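The values are calculated or read from the model by the stated rules, or taken from the named source; none is laboratory data. These figures come from a predicted structure and were not determined experimentally. Quick reminder, even Gly has a Cβ in these numbers, built from the backbone with ideal geometry, and neighbours come from all protein chains shown. To get the accessible areas, we keep the full protein, side chains included, count just its heavy atoms, and leave off ligands, DNA and RNA. Shrake-Rupley method; radii C 1.70, N 1.55, O 1.52, S 1.80 Å.
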Amino acid sequence: MEERVAERLRGALGPLGFEVHAFKVGWYNAVLQPAFHLSYPDDTLAFVVLSTPSMFDKALKPFVNKERLKIIRDPVDQCVSHHLSSVKEIFPDQKVDVIFDYEILPSRRPKFLAQTAAHVAGAAYYYQRKDVKLDPWGEKKIFGVCIHPKYGGWFAIRGLLLFPDVQVPFLEQSAPVDCVSTEQKRTELLELFNFHWQDGRYRDIIEVKERYSEEQKTYFSTPPAERFRLLGLTRFTE
């Protein structure tokens, strides 16, 4: 069942520059405190959705051109929301729940922990402080970061697709590719991500097969309020 669902999702989202990776809710819940659990049975089928560098040209630009007058909030969020919500149309007989990376609970906690989901689904390796044996940071708070084996840090985790009526007890877990495998490189990665993230060097911690275009880099390095202008949009308020 998982393969059939995955095939349809890849057929719909792959040409738009998205990747989908299957996991069981239980894998995700097993590595987190109860406060962060997804409220589904352990064997529930879920997919984490990533945007690759090509999403900018394949999905965002066409969406902006078509929906220009309807874009009233972040164009990328609105584009992702449109395409992931459209998935429901290809599963008319299935319930599909969608959770987006930008959604938060009333407590201000995110609805899901994106990097944990990517790791348990085998999509990207979530490098954290515990992955460095000789910790040089003392009392400093150090955030972890996911690295994709093909795109390095040139990707984003956009959401989850959950199929509450599909149970996959026999789904086998695939470990993410440990592509930053030396202690020295892991230390460098966390150092760059935590203290120099704005220059984007952490994204190239491995040799990547594709990265963001110059246009895309400019877009994402521009303050959100000014990004509308780059896409030829006028900022409207709700």
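Could you check how much of the accessible area of region 89-238 is carbon and sulfur, as a whole percent, using a 1.4 Å probe?
Numbers: 4420 of 8800 Å².
Roughly 50 percent of what the probe reaches on region 89-238 is carbon or sulfur.
By how many nm would the segment from residue 213 to residue 111 lengthen if fully extended, with 0.36 nm per residue of separation less the alpha-carbon distance? Walk me through the intermediate numbers first.
On the way: separation 102, 0.36 × 102 = 36.72 nm, distance 3.02 nm.
33.7 nm is the gain from fully extending residue 213 to residue 111.
Of all the C-alpha pairs in region 126-207, what % are more than 20 Å from each other?
Values: 1400 of 3321 pairs.
Result for the distance tail: 42 percent.
Taking the dipole about the Cα centre of the chain, with the C-beta of Lys and Arg at +1 and of Asp and Glu at -1, give me whichever of 49, 216, 149 is farthest to the positive side.
216
Could you work out the relative contact order of the chain, using alpha carbon pairs under 8 angstrom and six or more residues apart, expressed as a whole percent?
On the way: 360 pairs, mean separation 56.6, N = 238.
Relative contact order of the chain: 24 percent.
When the C-alpha atoms of region 71-219 are aligned to their principal axes, what extent does each axis show, in angstrom, from largest down?
Extents along the principal axes, in whole Å: 52, 41, 37.
Taking a 28 Å limit on the Cα-Cα distance, which of the listed pairs 111/141; 88/130; 58/150; 66/88 fall beyond it?
Numbers: 111/141 22 Å; 88/130 38 Å; 58/150 18 Å; 66/88 20 Å.
Distance filter (> 28 Å) returns 88/130.
Mind ordering 60-69, 112-121 by average Cβ neighbours within 10 Å, highest first? Walk me through the numbers on the way to the answer.
On the way: 60-69: 14.3, 112-121: 23.5.
Most protected by this proxy first, the peptides run 112-121, 60-69.
Over 5 Å intervals from 0, what percent of Cα-Cα pairs in region 1-63 sits in each interval?
Whole-percent P(r) values from 0 Å outward: 4, 17, 20, 18, 14, 14, 10, 3, 0.
Ignoring ligands, DNA and RNA, what accessible area per residue does region 1-70 give at 1.4 Å, in Å²?
Numbers: 3300 Å² over 70 residues.
It amounts to 47 Å² per residue over region 1-70.
Measuring with a 1.4 Å probe in the full set of protein chains, what accessible area per residue, in whole Å², belongs to region 105-221?
Values: 6510 Å² over 117 residues.
With all protein chains present, region 105-221 gives 56 Å² per residue.
Please compute the modelled spin-label separation between residue 226 and residue 35, points set 7 Å along Cα→Cβ, answer in nm with one decimal.
Simple spin-label model gives 3.7 nm for this pair.
Restricted to Cα positions, what overall size does region 97-138 have along the principal axes? Three whole-Å values, descending.
If we take the Cα atoms of region 97-138, the spans are 40, 26, 11 Å.
Quick check on region 1-130: what does the Kirkwood estimate of hydrodynamic radius come out to from the alpha carbon pairs, in Å? Walk me through the numbers on the way to the answer.
On the way: mean 1/r = 0.0628 Å⁻¹.
It is 15.9 Å.
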